[in-house]
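Reviewing the structure listed below.
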Amino acid sequence: MKKTDHMTLEQLESQVWPEPDFNSRLVTTCHQLRKKRLGDFSVEDLRIMLGQSIGAKYLLPRAVEILRNNPFAEGDFFEGDLLVAIARHPENTSQLGLEDVRHLLAACVAAIEAVDPKLNSTDMSAVECLAAELQTRTR
């Protein structure tokens, strides 16, 4: 168990968001997830929040840990949707330590080289770009 497993993003960031003023499923879900203990986050929860660049400092290392074991970990959309959510926001990876960068790069390479399942061309391009950026950071 990690020392932050019992904490929420609100607690870790010392910021409580006001009630959402826009009534959409995504907005409501993001607000709710900020109140959820990190240890209770599912792959889908991580995909949603990282796809919105929310809480990346705390959530990205958790996602990398999952991707180490399964580069095609999936939330509710498709195999590999967690990796794709991260690849669409490469700026969030700047805070990762070298070990996590290496693990994320390995997940990217595994997804790129996989025969089945295979990412679609748009998602593959995002993962390839992320892999290239991460490669420069491992030298």
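The values are calculated or read from the model by the stated rules, or taken from the named source; none is laboratory data. Source: prediction; values computed, not measured. Virtual Cβ from ideal backbone geometry, glycine too; neighbours counted across all protein chains shown. These accessible areas exclude ligands, DNA and RNA; they are computed on the full protein's heavy atoms, side chains included. Shrake-Rupley method; radii C 1.70, N 1.55, O 1.52, S 1.80 Å.
Cut-off 10 angstrom, C-alpha nodes, Gaussian network model of the chain. Which of Glu91, Glu19, Glu44 fluctuates the most? Greatest mean-square fluctuation among the candidates belongs to Glu19. For a straight C-alpha distance cut-off of 16 angstrom, the aspartates and glutamates reachable from Lys57 (same-chain residues fewer than eight places away being disregarded) are Asp5, Glu10, Glu13, Asp45, Glu65, Glu91, Glu99, Asp100. In this calculation the C-beta distance from His6 to Glu113 is compared with R0 = 22 Å, giving a FRET efficiency of 0.05. Counting Lys and Arg as +1 and Asp and Glu as -1 over every other residue whose Cβ lies under 13 Å from the Cβ of Lys36, the net charge comes to -1.
The residues of the chain have, on average, 56 Å² of accessible surface per residue, using a 1.4 Å probe with all protein chains present.
If the segment from Ala132 to Val16 were pulled out straight at 0.36 nm per residue, it would be longer than the present Cα-Cα gap by 38.2 nm.
Loop-located trypsin sites (Lys or Arg not before Pro) across the stretch 1-46 with a Cβ neighbour count of 12 or fewer within 10 Å are Lys2, Lys3, Lys35, with loop assigned by DSSP. Between Asp40 and Phe77, residue separation times 0.36 nm minus the direct Cα-Cα distance comes to 11.4 nm. For the chain, the carbon plus sulfur part of the accessible surface works out to 50%, probe radius 1.4 Å. Only one of [x] 43; [y] 20; [z] 11 was calculated from the structure for percent of Cα pairs over 27 Å apart, and its label is [y].
Residue-wise HN-Hα couplings along the stretch 106-117, as the Karplus relation 6.51 cos²θ - 1.76 cosθ + 1.60 with θ = phi - 60° gives them from phi, are 4, 5, 4, 4, 4, 5, 5, 7, 5, 8, 8, x Hz; Gly and Pro carry x.
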